[in-house]
Amino acid sequence: MKIVSINVNGLVNAADRGFVHWLEHSDVDVVCVQDIRIRERDIPDHLMEVPGYHAFFFDADDPAQGGVGIYAKEMPKAVIRGLGFPQCDMEGRFLQADFEKFSICSVLFPRVTADDEDEQELKFQFMESFLNHLKKTRRKRREFIFAGTFHIAHRTIDLGNWQDYQRSSGFLPEERAWMDQVFGPLGYVDAFRLVNRREKQHTWWPYDEAQRNGLRLDYQIITPNLADYVFETRIITEPRVSPHCLLEVDYDLD
């Protein structure tokens with residue numbers, strides 16, 4: 001089973017850059033998209049009705065704030081929108097598709113612009129609320145894949161020039177400590193790093209090809225029982241539909 005996550009930086013913009021063409025010709029089972037920047041009712045038909053896929057979306061009250069979606073070849077048994085706290089639900093940051101034995105979630109964390117202190121505080125609040133959800137999830141009798149943009153680079157290996165980011169949002173000590181909790185005491189697993197521990201494995205970098213210092217801001221975070229089923233991961237750089245790359249993980253799952 002192939003699962004891809006991609007922050008599209010605007011769904012219509014990504015389609016213009018080749019996202020739909022790629023999806024129509026891919027063999028991916030589930031694609032989680034983030035930052036769609038459009039109301040669901042305004043999504044064009046060619047993005048709602050991609051051949052071979054069922055499409056589900058959760059938009060933000062203000063489309064510019066985000067929104068997420070899931071394209072799935074198999075019809076989910078249930079689809080859950082939001083997590084019940086305003087910062088998530090009003091900004092369209094969580095969508096969950098339930099299948100027979102596991103759930104796949106499309107997740108979008110807040111992004112802080114220009115080290116804005118107010119935005120950073122809102123991001124910390126979101127992180128705390130989401131951590132509580134992850135704690136509750138570990139008590140459930142099913143497996144979970146949280147795929148999306150977390151806007152955090154966990155370790156120095158996850159960004160090209162980490163010395164310059166030590167006081168920047170996305171690599172703050174509090175954010176890295178949050179990741180330590182998720183992958184430590186809570187027991188979740190970074191699916192990508194299970195099989196790829198190389199440096200410069202970035203999922204985001206500027207369109208300017210001269211700037212090769214990127215960051216790994218996109219993850220597939222999985223419950224520990226799924227770790228044995230991860231057998232291949234890759235960062236897909238073409239088509240370049242947004243500043244983020246497509247993150248693919250292959251699971252030995254049906």
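The values are calculated or read from the model by the stated rules, or taken from the named source; none is laboratory data. All values derive from a computational prediction rather than experimental measurement. Neighbour counts run over all protein chains shown; Cβ positions are idealised from the backbone, glycine included. Just so you know, the surface numbers come from the protein's heavy atoms only, side chains and all, with ligands and any DNA or RNA stripped out. Shrake-Rupley method; radii C 1.70, N 1.55, O 1.52, S 1.80 Å.
Some notes on this structure:
- Candidate set: the range 179-191, residues that are in a helix (DSSP H, G or I) and not polar (S, T, N, Q); chosen: the one nearest to the chain's Cα centre (by Cα): A191
- Selection status of V4, touching a residue at least 24 places away in the same chain (Cβ under 8 Å), in contact with a helix residue (DSSP H, G or I) (Cβ under 6 Å, 6 or more places away or on another chain) and not aromatic (F, W, Y): no
- Verdict on A114 being farther than 28 Å from K77 by Cα, outside any strand (DSSP E or B), in contact with a strand residue (DSSP E or B) (Cβ under 8 Å, 6 or more places away or on another chain) and not aromatic (F, W, Y): no
- Filter result for L122 (of a type in the set (A, V, I, L, M, F, W, C) and open to solvent by 70 Å² or more (accessible area, probe 1.4 Å)): yes
- Unique residue being at pLDDT below 95 and of a type outside the set (S, T, N, Q) when the list is E232, E209, E175, E248: E209
A quick yes/no check of all residues on (1) open to solvent by 30 Å² or more (accessible area, probe 1.4 Å); (2) in contact with a Ser or Thr (Cβ under 6 Å, 6 or more places away or on another chain); (3) closer than 17 Å to Q96 by Cα:
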| site | (1), (2), (3) |
| --- | --- |
| D118 | yes, no, no |
| S129 | yes, no, yes |
| R141 | yes, no, yes |
| R167 | yes, no, no |
| E174 | yes, no, no |
| Y188 | no, no, no |
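- Candidate set: the range 62-113, residues that are β-branched (V, I, T) and in contact (Cβ under 8 Å) with a residue 24 or more places away in the chain; chosen: the one farthest from V33 (Cα to Cα): V112
- Per the listing D35, D16, the residue uniquely without any contact (Cβ under 8 Å) to a residue 24 or more places away in the chain and closer than 22 Å to T237 by Cβ is D16.
- Leading residue by the ranking (nearest to the chain's Cα centre (by Cα)) among those in the range 155-178 that are in a helix (DSSP H, G or I) and over 13 Å from L215 (Cβ atoms): W178
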